[in-house]
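Structure first, then comments.
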């Protein structure tokens, strides 16, 4: 075994998803393999960072990670297989899209997707594992941007502001405008409106 191979680090992918709670839009997952030669300062749970800080880190992660990828599940898939299974599917798709195959995936939470590598789940991993933090950041930035784009296509719901979460404004808009094609029909508040 060459010295280079002996000391080269194992490829570890951090995996996280965002968008389990909203009433509209996809669930988006990310997988990131960080480059140990290029550490990124300030990685943390995306929910604890300001939007501006997330945007800066998102750019750094995309430029400096060994590789990263996004995966998603659409509202109709969420309705068909449920939000937990759709979240796991989005994670599978993110890991499958990586250009480097990881030997180990660190997954935020306590449920693991089926992957072609070893998997370790970590509750609160988005706050404690840099690779999971990185995944949580790029997933959140990607999903938030998409919800801003969807706001232009589905005006009146306030998607750019609340990103599809069940806020008072969103619930009132649903009452007035009805259910759009990007709403999750299996979610209680939407289901009740469809009645």
Of residues in region 70-82 being under 13 Å from the mean Cα position of the chain (by Cα) and surrounded by fewer than 21 Cβ atoms within 10 Å (Cβ to Cβ), the one nearest to residue 119 (Cα to Cα): 70
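This table checks each residue for (1) part of a loop (DSSP other than H, G, I, E, B); (2) closer than 11 Å to residue 134 by Cβ; (3) out of contact with any strand residue (DSSP E or B) (no Cβ under 7 Å at 6 or more places or on another chain).
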| position | (1), (2), (3) |
| --- | --- |
| 10 | yes, no, no |
| 21 | yes, no, yes |
| 41 | yes, no, yes |
| 55 | no, no, yes |
| 61 | no, yes, no |
| 85 | no, no, yes |
Cβ-Cβ under 8 Å pairs, at least 6 apart or on other chains, region 166-195 side touching a residue at least 24 places away in the same chain (Cβ under 8 Å), far side exposed (fewer than 15 other Cβ atoms within 10 Å of the Cβ) and assigned to a loop (DSSP other than H, G, I, E, B): 166/21; 186/82
Breaking point among (1) without any contact (Cβ under 8 Å) to a residue 40 or more places away in the chain; (2) out of contact with any helix residue (DSSP H, G or I) (no Cβ under 6 Å at 6 or more places or on another chain), for residue 21: (1)
Selected residue (criterion: farthest from residue 121 (Cα to Cα)) from residues of region 24-34 that are part of a loop (DSSP other than H, G, I, E, B) and touching a helix residue (DSSP H, G or I) at 6+ places or on another chain (Cβ under 6 Å): 25
In region 71-83, the residues that are in a helix (DSSP H, G or I) and in contact (Cβ under 8 Å) with a residue 40 or more places away in the chain: 75, 78, 79, 83
Single residue of region 18-32 satisfying the filter (over 18 Å from residue 180 (Cβ atoms) and buried (at least 24 other Cβ atoms within 10 Å of the Cβ)) that is farthest from the chain's Cα centre (by Cα): 32
Odd one out for residue 37 among (1) under 26 Å from residue 150 (Cβ atoms); (2) free of Cβ contacts under 8 Å to residues at least 24 places away in the same chain: (1)
Verdict on residue 65 being crowded, with 19+ Cβ neighbours inside 10 Å, at pLDDT 95 or above, touching a helix residue (DSSP H, G or I) at 6+ places or on another chain (Cβ under 6 Å) and over 30 Å from residue 194 (Cβ atoms): no
Identity of the residue in region 118-160, free of Cβ contacts under 8 Å to residues at least 60 places away in the same chain and touching a strand residue (DSSP E or B) at 6+ places or on another chain (Cβ under 7 Å), that ends up surrounded by the most Cβ atoms within 10 Å (Cβ to Cβ): 119
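The values are calculated or read from the model by the stated rules, or taken from the named source; none is laboratory data. Quick caveat: nothing in here was measured; it's all calculated off a predicted structure. Because the Cβ atoms are built from the backbone with ideal geometry, glycine has one as well, and the counts that use them run over all protein chains shown.
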